[in-house]
Amino acid sequence: MKNAKLFAAILFYSGSALAQNSVTLFGVVDNGFSYQNSATTLGSQSNGKSLVKMTSGAWNGSRFGMTGNEDLGAGTTLTFNLDAGVNTANGNLGYTNGLFTREAAVGVTNQNYGTVKLGRTYPAYYLMVYQYGPTTYLSGAFGAHPGDIDSLDTTYRTNNSVVYVSPNIHGLTFAGSYSFGGVPGSLDAGSSWGGGLLYSAGPFGIGAAFQRVNNSTPGGGVWGANSTTSSGGEPGVSAINYGYMGAQAQQRVAVDAHYVFSPQWDVSAAYTNVQYIPGVNSGFQDKAIFNTVGAVLHYQATGALSLATGYSYTRATQANGITNAASYQQVTLTEYYALSKRTALYAGQAYQRASGKTLVNGVPVEATASVGDGFNSAPSSTRNQFVVGAGLVTHF
């Protein structure tokens, strides 16, 4: 009831603001359905069952929000964005106990000096690599990279953040961000920081970035519960990294590149290195490292039809008593057909094969498959997972 009243108030007051302050309402409604051959509870070794369900936001996260700007003069503009994730399959908010969880930020942009943003927003790591990342044409829900452990899907944001993005300087842009942990007596606990570079010249582009996330509980904890910068389920937890949730810190490096061959064909490739660093009470002793390589081939068949296929390979290093380290191979296909400028039909298919062993509750177990963000909470109970889905998305 409180959320309903808040939305009503937003609509009422934004109606007045539209005439005065250049405030724009926007949103996305994305509903569809999916099938997966095996689904079980995350962290469980129970037998999985096939699952057919309605999905929300498989292509573009369903949302409702408002954005606005004010010209401050001298080439400087104030901007704000309030973006609420919505589960349009059942009407609930996208995150429990949160409203504008996709973004809630205010910033200042100057054409000569760049942009500074404050609030819950996208960190520099994501901003410098997402343009050439796998979700440009592949839906993260259908598995851009296994389990989205490298946060290259479109759901990576941090709380309490200060983000700077430079102006474009002869094709080069750089960015840095810091997220306050808010832990009394410590600047490090619960904090997050990172930076990156983005370069684009004609048909070629490349991005590189680094991100460090510190747990706010000394010696380890659970992401989302003990790290104020990763609350709201970010970074994501999947069958790939479930055994390392107690990490004292985690960090990731990403490099991706893109090349346009013609108006119809383009290709992108990415490499990421994700590390989970143990503490005194982490439940594992050795640093766990996951390396991922992947590529996406995109074909713009017509003005309305877009096709893409991707392949990725993730491999863990030998550590924590595991000699046969886990690896994951995945193939993803997507199809997108624009019915208009605002509305489209889409479909996606993905298959993942897991091998080797990983860690669950401190014990080496057989690795199981988890295709991507849309299925992380219900991974396969076996080494294989196949998912297929389709939906309708519209923007307003």
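The values are calculated or read from the model by the stated rules, or taken from the named source; none is laboratory data. What you are looking at is a predicted structure, and each value in this text was computed from that prediction instead of being measured. Here the Cβ is made from the backbone with ideal geometry for all residues, glycine too, and neighbour counts use every protein chain on show.
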Handout entry: Options 52, 29: the member that is surrounded by fewer than 15 Cβ atoms within 10 Å (Cβ to Cβ), over 20 Å from residue 353 (Cβ atoms) and modelled with pLDDT of 85 or more
Key = 52
Practice task
State all residues of the stretch 278-307 that are surrounded by 20 or more Cβ atoms within 10 Å (Cβ to Cβ) and outside any loop (DSSP other than H, G, I, E, B); if no residue qualifies, say none.
Solution key: 288, 290, 292, 294, 296, 298
Practice task
Would you confirm whether any residue within the stretch 336-346 is among the small types (Gly, Ala, Ser), over 30 Å from residue 283 (Cβ atoms) and in contact with a helix residue (DSSP H, G or I) (Cβ under 8 Å, 6 or more places away or on another chain)?
Solution key: no
Problem - Residue ID - surrounded by the fewest Cβ atoms within 10 Å (Cβ to Cβ), chosen from residues in the stretch 328-385 that are under 27 Å from residue 318 (Cβ atoms) and β-branched (Val, Ile, Thr) - result: 363
Fill in the blank from the handout: The one condition residue 106 fails out of (1) over 22 Å from residue 22 (Cβ atoms); (2) surrounded by fewer than 17 Cβ atoms within 10 Å (Cβ to Cβ); (3) touching a Phe, Trp or Tyr at 6+ places or on another chain (Cβ under 6 Å) is (1)
Practice task
Could you check how many residues of the stretch 353-375 are touching a helix residue (DSSP H, G or I) at 6+ places or on another chain (Cβ under 6 Å) and farther than 22 Å from residue 285 by Cα?
Solution key: 4
Practice task
Specify which of the listed residues (222, 237, 213) is buried (at least 24 other Cβ atoms within 10 Å of the Cβ) and either within 25 Å of residue 101 (Cα to Cα) or at pLDDT 90 or above (or both).
Solution key: 213
Fill in the blank from the handout: Among residues of the stretch 58-103 being part of a strand (DSSP E or B) and small (Gly, Ala, Ser), the residue surrounded by the fewest Cβ atoms within 10 Å (Cβ to Cβ) is 73
Problem - Filter pass, residue 45 being surrounded by fewer than 19 Cβ atoms within 10 Å (Cβ to Cβ), at pLDDT below 95 and of a type outside the set (Lys, Arg) - result: yes
Handout entry: Qualifying residues in the stretch 123-173 (those that are polar (S, T, N, Q) and assigned to a loop (DSSP other than H, G, I, E, B)) - the one nearest to residue 350 (Cα to Cα)
Key = 139
Problem - Neighbours by Cβ (under 8 Å, 6+ apart or cross-chain): first from the stretch 83-96, closer than 24 Å to residue 52 by Cβ; second of a type in the set (A, V, I, L, M) - result: 85/93; 86/93; 87/93; 88/29; 89/54; 92/86; 94/84; 94/86
Practice task
Among the residues of the stretch 175-210, count how many are touching a strand residue (DSSP E or B) at 6+ places or on another chain (Cβ under 7 Å) and part of a strand (DSSP E or B).
Solution key: 20
Exercise for the section: For the stretch 247-257, state whether one or more residues are closer than 30 Å to residue 342 by Cα and under 24 Å from the mean Cα position of the chain (by Cα). Expected result: yes
Completion exercise
Out of (1) under 19 Å from residue 293 (Cα atoms); (2) not in a strand (DSSP E or B), the one residue 380 does not meet is (1)
Completion exercise
Of the residues in the stretch 350-365, those that are among the polar types (S, T, N, Q) and in a strand (DSSP E or B) come to 352, 355, 358
